[in-house]
Amino acid sequence: MEIDDATAMVIREALRRLGPNARLDPALLQEQIAEVVKQQGEIIFAQLSEAARQRLRREGLRINEQTARLGRINEAIEYGRSLVGKYKIESLGELPQEEQLKFARLWANATGGVKLDEN
């Protein structure tokens, strides 16, 4: 089975669970898709071709890396906000030099593609 076939199977099952008279609410559909994947994901994964499994693994790793990167960016933004509040300034350029350097390092690490284990 290929990924497109598995996707279609999951969506069909989610729509079936919603029932024929349900309004097509994207949030409800997303919840049902998540539930189907949670319950049947391992079975579906086992039915995928080896190439499809490898592709899915690569996509999962890529998504995990992006999620980690976004987490680091959010952390840097929150740190910048805390500095603005602490020093009661309007821009980060008004910070003391050492705080600017610390923020710059945090931002560069967050946006520069540093892997989790390198932080």
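Arrange the residues S82, S49 by how much accessible surface each exposes, largest first, with a 1.4 angstrom probe.
S82, S49
Extending each Cα 7 Å along its Cβ direction at E65 and A46, get the distance between those two points in nm, one decimal.
Going from the E65 label point to the A46 one covers 3.1 nm.
Based on alpha-carbon positions alone, could you give the equivalent ellipsoid semi-axes of region 53-111 from the gyration tensor, as √(5λ), descending, whole Å?
33, 10, 6
Please compute the length gained on full extension between R81 and R57, using 0.36 nm multiplied by the number of residues separating them and subtracting their Cα-Cα distance.
Additional length available on full extension: 5.0 nm.
What is the distance in Å between the Cα centroid of region 49-75 and that of region 1-44?
Centre-to-centre (Cα) distance: 21 Å.
What net charge do the residues around M1 carry, taking every other residue with its C-beta under 15 Å from that of M1, with Lys and Arg at +1 and Asp and Glu at -1?
Counting the neighbours of M1, the net charge comes to -3.
Suppose each label sits 7 Å from its Cα in the direction of the beta carbon; what would the L28-R16 distance come out to in nanometres?
About 1.9 nm separates the two model spin labels.
At q = 0.13, 0.23, 0.24 Å⁻¹, what is the log10 ratio I(q)/I(0) for region 18-119, with the Debye formula run over Cα points and no solvent?
These q points yield log10 I(q)/I(0) values of -0.73, -1.15, -1.18.
What accessible area per residue comes out for the chain, rounded to a whole number of Å², with a 1.4 Å probe?
Solvent-accessible surface per residue comes out at 75 Å².
The values are calculated or read from the model by the stated rules, or taken from the named source; none is laboratory data. These numbers come from a predicted model, not from an experiment. So basically every Cβ, Gly included, is an ideal-geometry build from the backbone, and we count neighbours across all protein chains shown. What goes into the accessible areas is simple: the full protein's heavy atoms, side chains included, and nothing from ligands, DNA or RNA. Shrake-Rupley method; radii C 1.70, N 1.55, O 1.52, S 1.80 Å.
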